[in-house]
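Reviewing the structure listed below.
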Amino acid sequence: DWTTGNVIEEQVAAIREQVGDKRAICGLSGGVDSAVAAALVQKAIGTQLTCVYVDHGLMRKGETEQVEKDFVAATGVQLKVVDAEERFLKALAGVSDPEEKRKIIGREFIRVFEQAQLEILQEDGPEVAFLVQGTLYPDVVESGGGTGTANIKSHHNVGGLPDDIEFELVEPLRQLFKDEVRMVGAELGLPDEIVQRQPFPGPGLGIRIVGEVTKERLDLLREADAIAREELTAAGLDRDIWQCPVVLLADVRSVGVQGDGRTYGHPIVLRPVSSEDAMTADWSRLPYDVLSKISTRITNEVKDVNRVVLDVTSKPPGTIEWE
Ligand code: XMP
């Protein structure tokens, strides 16, 4: 009999059996899968689990606080937060090419995460032998079904550790689909904002600024994005929309007029889409009054933005993200 209660009970027993009295590490991304996997493992082994959250400074407004405060409050999980914003901004300085940005963000992320892992390995306590991952059933099928191990290399470190450390994977969501993961998360008491979160790319707002990524531009985009999300939620549209990237065209300027002055600001693009699996998508026919409210608020409240445009391209030919 499939109930979320049974799934939780079974997985908690299986995790305890697998991990024994050793320790485990779990990377949190702010997304649903890693959050639910971590919550399950925390329920099973408590403080034998340490979660790591790398704050790359490319998250949306409130998301880091959601992990640091709400997730910790809901689960009691032991969390190590690494504030790496400056490091990421420095690495991204002067870079406009989308794939180059992705490469840099991915590379820096691994370095920071591995460093955090090494610090945890060096703490007193039982051996750290496990890495928790939020692998879902569709991922298992896609990759051919094997379970695995993960390596970390200690070459960034000053020593005292073996050259290569191998973790065994703990993957408590391997039999579940996304909607089941959300149900389990809700049953575990995770906040709705985490459990119902729409897809958000790993490189975050770094690939939603067309042009170079700077702190100032990120702050501006965070404000515009927060307004769009707030109004879509208020209008009850979250379930109808697959996701709605909000994009800053940082290299484009257009003329506007505000108050009694001419402005020369940047456009913000709204990209609401409906989709089943992100492979194809259609632009969402949002109610005009909602679009109007978002546009008015963004141009009134966000400095340097004087125009809001709507993306009406399906996928294909357009991708969901602009970069
Ligand atoms: P596209 O833009 O290719 O996006 O139509 C399809 C889905 O994938 C997400 N996306 C990413 N996710 N890293 C991620 O983790 C990325 O580099 C990345 N690029 C796109 C996008 O948000 C959408 O859900």
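Data table
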| item | result |
| --- | --- |
| Set Arg208, Arg262: member being closer than 13 Å to Trp322 by Cβ and either in contact (Cβ under 8 Å) with a residue 12 or more places away in the chain or out of contact with any Leu (no Cβ under 8 Å at 6 or more places or on another chain) (or both) | Arg208 |
| All positions within region 240-259 that are touching a residue at least 24 places away in the same chain (Cβ under 8 Å) and assigned to a loop (DSSP other than H, G, I, E, B) | Asp240, Ile241, Trp242, Cys244, Pro245, Ala250, Asp251, Val252 |
| Filtered residue count, region 64-89, keeping only those that are under 12 Å from the mean Cα position of the chain (by Cα) and buried (at least 21 other Cβ atoms within 10 Å of the Cβ) | 1 |
| Pairs, first of a type in the set (D, E, K, R) in region 172-193, second not in a helix (DSSP H, G or I), C-beta under 7 Å, six or more apart | Arg174/Thr135; Lys178/Leu136; Arg182/Gln196 |
| Residue count, region 270-323 (criterion: of a type in the set (A, V, I, L, M), in a loop (DSSP other than H, G, I, E, B) and within 12 Å of the ligand (Cβ to nearest atom)) | 3 |
| In region 36-63, residue farthest from Leu176 (Cα to Cα) [restricted to those that are of a type in the set (Val, Ile, Thr) and part of a helix (DSSP H, G or I)] | Thr47 |
| Residue check for Ala14: crowded, with 22+ Cβ neighbours inside 10 Å, at pLDDT 95 or above and of a type in the set (Gly, Ala, Ser) | no |
| Qualifying residue in region 256-271 (condition: buried (at least 21 other Cβ atoms within 10 Å of the Cβ) and of a type in the set (A, V, I, L, M, F, W, C)) | yes |
| Selection within region 193-222 - within 16 Å of the ligand (Cβ to nearest atom), at negative phi and outside any loop (DSSP other than H, G, I, E, B) | Leu205, Gly206, Ile207, Ile209, Val210, Leu221 |
| Residues that are within 18 Å of the chain's Cα centre (by Cα) and of a type in the set (Phe, Trp, Tyr), drawn from region 164-206 | Phe200 |
| Filter pass, Phe113 being crowded, with 16+ Cβ neighbours inside 10 Å, modelled with pLDDT of 95 or more and not in a helix (DSSP H, G or I) | no |
| Selection within region 142-186 - hydrophobic (A, V, I, L, M, F, W, C), surrounded by 16 or more Cβ atoms within 10 Å (Cβ to Cβ) and at pLDDT 75 or above | Phe167, Leu169, Val170, Leu173, Leu176, Val181, Met183, Val184, Ala186 |
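The values are calculated or read from the model by the stated rules, or taken from the named source; none is laboratory data. Remember, predicted model here, so these are calculated numbers, not experimental data. Here Cβ is always computed from backbone atoms with ideal geometry, including for glycine, and neighbour counts include all displayed protein chains.
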